[in-house]
1. Only helices at least 24 Å long along their axis, Cα-based, and averaging -1.0 or more on Kyte-Doolittle count here, so list those DSSP H runs from the chain.
2. Within segment 277-308, what residues put their amide N at less than 13 Å from the label point 7 Å along the Cα-to-Cβ vector of I263?
3. Using only the alpha carbons of segment 237-298, what is the convex hull's orientation-averaged projected area in square nanometres?
4. For a quick check: sort V133, V67, V280 by the number of other beta carbons within 10 angstrom, fewest at the front.
5. Per the Kirkwood definition applied to all pairs of different Cα atoms, how many angstroms is the hydrodynamic radius of segment 87-209?
6. Given points 7 Å out from each Cα along the Cα-Cβ axis, report the S254 to C216 separation in nanometres with one decimal.
7. If Rh is defined by the Kirkwood formula over all Cα pairs and Rg also comes from Cα, what ratio Rg/Rh do you get for segment 151-308?
8. Rounded to the nearest 0.05, what FRET efficiency do K106 and K172 have when you use their Cβ-Cβ distance and R0 = 41 Å?
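Values quoted throughout were computed directly from the atomic coordinates according to the rules given, and no laboratory measurement underlies them. Quick caveat, the model's predicted, so the values are computed rather than measured. Because the Cβ atoms are built from the backbone with ideal geometry, glycine has one as well, and the counts that use them run over all protein chains shown.
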Amino acid sequence: MLWIVLGIILGILVITILIIWFLGERGHIFRYTTWQVLRESGLRRLLNLKAIHLYIYGRWTTKYIYVLRKYIYPHLGEKGKKWLRNNYHSKILTQEHAESIIMLNKDIPLQDLEQVIPYPKARKIVLDGPPDVVVYECGCRNSHPNPCQPTQVCMVIGKPFTDFVIDHMPEKSRRLSQAEALQLLREEHERGHVHTAWFKDACIDRFYAICNCCKCCCFGIESMMKYGNPSIAASGYICQIDESLCTACGECVSACPFDALSIPDNILIMDWNNCMGCGVCEAICPTNAISLVREERKGTPLDVKALL
């Protein structure tokens, strides 16, 4: 079954290449923004079809994630999972660090983020500040049978990806001002959702999006929690519990996306290994008994102010 699905995907890739080749800029598929994204991917990724993969992912995100979630991932062996975690991964962002990216007012040069993203290849961030931001429909939420609301919460950061999304999905996307982007981040934070910065080495070599992930719908969280594939890197923080303020109400336990909290014997306990430092528990705690503290063993935070 898996080989059939992979064969179908390869066939779609080949057909897409032929359509682009024959239609050129006169057609509705190969627009100028398509060329910009393919050029950003580089010649090597164009020749080995990874750039076309990027086009399909960006153009039909919801359908892509639906097929991956329903037909491919449940049947992957260890080699397939290893390839995915080395090519598709994200970094948890605290609320402060997510906002700091949106609030940039100067250029971020090309940076080596190997310490931030602990994977074999160096990850890059290159932004012209203030960054161009486009929000569009979340592929994870829309591929889920009962998605969390709202669904328009995925934030594409920086050109040419923002132009590509607006050009190809005008009815499902919109540009955000700096104030609107910050408001979206804060509203998602209040809903108990996780900010993640995404990197996809399979297609491009750099940071390109901030997602606002819920544990119900996010395929990245699902692949980690359900299939044990560590595609998400911790923020560099962990939660700290003030026992004098904690009432063991359990709200943080049900909200935690990574099952890091529990209440045995009516005492709130944090599992150090599971805590990713997302800050969901801190935001939802009614007695302010939880705070985030720096933990060097959890990696280096993605702090753009430090990059400056």
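1. Details: long enough: 2-23 (31 Å, 3.03).
Answer set is 2-23.
2. Taking a point 7 Å out along Cα→Cβ of I263, the residues of segment 277-308 whose backbone N falls under 13 Å are 285-287.
3. Values: hull surface 14.8 nm².
Hull-based average projected area comes out at 3.7 nm².
4. Values: V133 22, V67 16, V280 28.
Fewest to most other Cβ atoms nearby, the residues stand as V67, V133, V280.
5. Answer for segment 87-209: a Kirkwood hydrodynamic radius of 15.0 Å.
6. 1.2
7. That ratio equals 0.99.
8. Details: r = 31 Å, r/R0 = 0.75.
Taking R0 as 41 Å, the efficiency between K106 and K172 is 0.85.
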